[in-house]
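Q: The following block contains the structure, expressed as structure tokens.
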Amino acid sequence: MREAKTVAIIGAGPVGLAAAAHVLEQGLRPVVLEAGSSAGHAVRQWGHVQLFSPWQYNVDRAAARLLASTGWNSPAPDLYPTGAELIECYLEPLATKTVLAAHVHTLSRVTAISRVGFDKLKTEGRQAAMFEIRFQNGQAPKVVWADAVIDASGTWHSPNPAGANGLRAIGEDQAAAKTAYGMPDVLGKDRARYAGKIVAVLGGGHSAIGTLTDLAKLAEQVPETRPVWLLRGRDPAKAFGGGANDKLAARGELGAAFAALVAAGLIAVESDFRVSHLIPDGPRLIVGTAAGCCGRHVVVDELIVATGFRPDLDFVRELRIQLDPAIECPVALAPLIDPNQHSCGTVRPHGARELAQQEHDFYFAGMKSYGRAPTFLMITGYEQVRSIAADIAGDREAAERTELVLPETGVCSRSMAPEANQGCGGVVFSGVDACCVGDANAGRADKTGCG
Ligand SMILES: Cc1cc2nc3c(=O)[nH]c(=O)nc-3n(C[C@H](O)[C@H](O)[C@H](O)COP(=O)(O)OP(=O)(O)OC[C@H]3O[C@@H](n4cnc5c(N)ncnc54)[C@H](O)[C@@H]3O)c2cc1C
């Protein structure tokens, strides 16, 4: 008998750990390589943030089965954890108290992947060759061989820069001391840095509006604090989200509360603001849309760049990867999640079929599978890895099956337009039968549109 296939899983975030649980259930052997010192390393960086999805959407089913055997008390399904609680009550026990503990290797940063004896150019016999995964664990460079690879390394560690053109703004390196990325803990451990300061937040997504909302709270405590919202788009209302229509109620409420703060003038708004230059100016920073002092600019004490994330594709360079040229996600997924077309967080459930690459037995999963698109939900990732594990194990029927009902957020930007009655945005998606859950359900009921 052949030994069980080895599946290398990159990243011990929520989706990497779920992948390991599904791989084990399929009778395969997972090897999880995590760059950080513990599971949930990326989530830990935003541990102060409250999730907008309640527990019922945050726990993978195979992971829950593993945890159940340790006497785990599952959290109340309708409560909203913070990132720190997600780690404490779920990811940490999953990675350290279940059988997964023997398969998770922390402080193991993957640096490169190829096929044993095959460079990217060589085709004949390629599919049968093992993957060679190189990683650093602080000692010597290490190698592991695997039959399949699931890259669930997320995007947290590669944030987008401030420049509106996707490049680092001119002067961004020199402005490093006054610039932070992602979601600093402005009410907690980073409070001293931001209290009483003029703080610009650049971006139009949930991270930006969450941080601005916290800065407005900080301004209640320290009135000199002045939050400034820098927005590339012309219409601030687009960032307010689906409000009461969002079935992820916490997300809808965040948008509605933020809209009220803006309306009350508690957050200064600079829309249509496309950053090109960051110029340190004594203790302050000039954030400008043109070179020199004559262009449109704001002068601030601190800048928080919350312009989203992009996948790190460096370590998969020697593999045959095909990605959508704009979104940098697997090609079949692109029309489902293209933010130019719709903003639903409720992409139709999908799995191995959409995520497979020309490089046989290599898959992107989790946040990284969405490339630059901002709407990923953990529960989508859990269904992805269930299907991928089945595919690797050769169970095509289970790989094709859809076992997930996603929350319908009803926040598809295009479905709100009166003329939109052909699916989100009236777009015809090649090879895809629905653009989101609402659209799939409407289709099943012989209707058109997004429900
Ligand atoms: C602030 C914030 C709030 C969010 N809130 C929600 C929410 O409420 N509900 C929801 O469903 N989703 C939410 N998301 C989106 C998403 O579900 C989470 O980001 C989730 O953590 C993604 O899980 P993941 O496992 O795909 O990636 P990550 O959690 O990013 O995990 C990837 C792991 O890979 C490791 N890694 C990276 N590079 C390497 C490497 N080269 N080698 C080895 N390991 C590596 C990282 O250290 C990390 O531990 C939120 C995202 C953010 C940023």
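Q: Being in contact with a strand residue (DSSP E or B) (Cβ under 7 Å, 6 or more places away or on another chain), modelled with pLDDT under 95 and loosely packed, with under 13 Cβ neighbours inside 10 Å narrows it down to one of A291, A237, so name that one. So that I can check it myself, show each step before the final result.
A: Numbers: A237 fails: in contact with a strand residue (DSSP E or B) (Cβ under 7 Å, 6 or more places away or on another chain).
Matching residue, one of A291, A237: A291.
Q: Please specify each residue of the stretch 377-409 satisfying the condition of being outside any helix (DSSP H, G or I), in contact with a helix residue (DSSP H, G or I) (Cβ under 8 Å, 6 or more places away or on another chain) and open to solvent by 30 Å² or more (accessible area, probe 1.4 Å). Before you say what the answer is, go through the steps one by one.
A: Taking the stretch 377-409 first, the residues outside any helix (DSSP H, G or I) are 377, 394-395, 401-409.
Restricting the remaining residues to those that are in contact with a helix residue (DSSP H, G or I) (Cβ under 8 Å, 6 or more places away or on another chain) gives 377, 401-409.
Answer for the stretch 377-409, where residues must be outside any helix (DSSP H, G or I), in contact with a helix residue (DSSP H, G or I) (Cβ under 8 Å, 6 or more places away or on another chain) and open to solvent by 30 Å² or more (accessible area, probe 1.4 Å): R401, T402, E403, V405, E408.
Q: Would you mind stating whether K247 is under 30 Å from P77 (Cα atoms) and modelled with pLDDT of 95 or more?
A: Working: under 30 Å from P77 (Cα atoms): yes; modelled with pLDDT of 95 or more: no.
Here the answer is no, as K247 does not meet what is asked.
Q: Taking the conditions exactly as written (within 14 Å of the ligand (Cβ to nearest atom) and more than 26 Å from D361 (Cβ to Cβ)), does Q139 satisfy them or not?
A: Working: within 14 Å of the ligand (Cβ to nearest atom): no; more than 26 Å from D361 (Cβ to Cβ): yes.
No: the conditions fail for Q139.
Q: Hey, another quick one. Given the conditions (1) out of contact with any helix residue (DSSP H, G or I) (no Cβ under 7 Å at 6 or more places or on another chain); (2) under 30 Å from G27 (Cα atoms); (3) not hydrophobic (A, V, I, L, M, F, W, C), report the number of the one that S158 does not fulfil.
A: Unmet for S158, out of (1) out of contact with any helix residue (DSSP H, G or I) (no Cβ under 7 Å at 6 or more places or on another chain); (2) under 30 Å from G27 (Cα atoms); (3) not hydrophobic (A, V, I, L, M, F, W, C): (2).
Q: Can you pull out every residue in the stretch 269-283 that is of a type outside the set (G, A, S) and either surrounded by fewer than 20 Cβ atoms within 10 Å (Cβ to Cβ) or part of a strand (DSSP E or B) (or both)? Break it down into steps so the answer makes sense when it comes.
A: Applying the first criterion (of a type outside the set (G, A, S)) to the stretch 269-283 yields 269-270, 272-275, 277-281, 283.
Once the filter is applied, which keeps residues that are of a type outside the set (G, A, S) and either surrounded by fewer than 20 Cβ atoms within 10 Å (Cβ to Cβ) or part of a strand (DSSP E or B) (or both), the stretch 269-283 yields V269, E270, D272, R274, H277, L278, I279, P280, D281, P283.
Q: Give the stretch 315-333 a look and list any residue that's free of Cβ contacts under 8 Å to residues at least 24 places away in the same chain and outside any loop (DSSP other than H, G, I, E, B), or say none.
A: Listed by number, the list holds a single entry, V331.
Q: What are the residues in the stretch 161-181 that are within 14 Å of the ligand (Cβ to nearest atom) and open to solvent by 20 Å² or more (accessible area, probe 1.4 Å), if any?
A: Within the stretch 161-181, the subset within 14 Å of the ligand (Cβ to nearest atom) is 180-181.
Listed by number, the list holds a single entry, Y181.
Q: Name every residue in the stretch 356-376 that is open to solvent by 10 Å² or more (accessible area, probe 1.4 Å), assigned to a loop (DSSP other than H, G, I, E, B) and more than 10 Å from the ligand (Cβ to nearest atom), in order of residue number.
A: Matches in the stretch 356-376: Q357, Q358, H360, D361, R372.
Q: Would you mind stating whether L187 is within 16 Å of the ligand (Cβ to nearest atom), open to solvent by 40 Å² or more (accessible area, probe 1.4 Å) and part of a loop (DSSP other than H, G, I, E, B)?
A: Working: within 16 Å of the ligand (Cβ to nearest atom): yes; open to solvent by 40 Å² or more (accessible area, probe 1.4 Å): yes; part of a loop (DSSP other than H, G, I, E, B): yes.
Answer is yes for this residue.
Q: Looking at the stretch 190-215, which of the residues that are open to solvent by less than 10 Å² (accessible area, probe 1.4 Å) and more than 16 Å from the ligand (Cβ to nearest atom) is nearest to P236 (Cα to Cα)?
A: This residue is A200.
Q: Look through I321, I286, I337 and report the one residue that is open to solvent by 30 Å² or more (accessible area, probe 1.4 Å), within 30 Å of A152 (Cβ to Cβ) and of a type in the set (V, I, T).
A: Values: I286 fails: within 30 Å of A152 (Cβ to Cβ); I337 fails: open to solvent by 30 Å² or more (accessible area, probe 1.4 Å).
Result: I321 is the single residue among I321, I286, I337 that is open to solvent by 30 Å² or more (accessible area, probe 1.4 Å), within 30 Å of A152 (Cβ to Cβ) and of a type in the set (V, I, T).
The values are calculated or read from the model by the stated rules, or taken from the named source; none is laboratory data. These numbers come from a predicted model, not from an experiment. Cβ: placed from backbone, ideal geometry, glycine included. Neighbour counts: every protein chain shown. We work out accessible area using only protein heavy atoms, side chains counted, and drop any ligands, DNA or RNA first. Shrake-Rupley method; radii C 1.70, N 1.55, O 1.52, S 1.80 Å.
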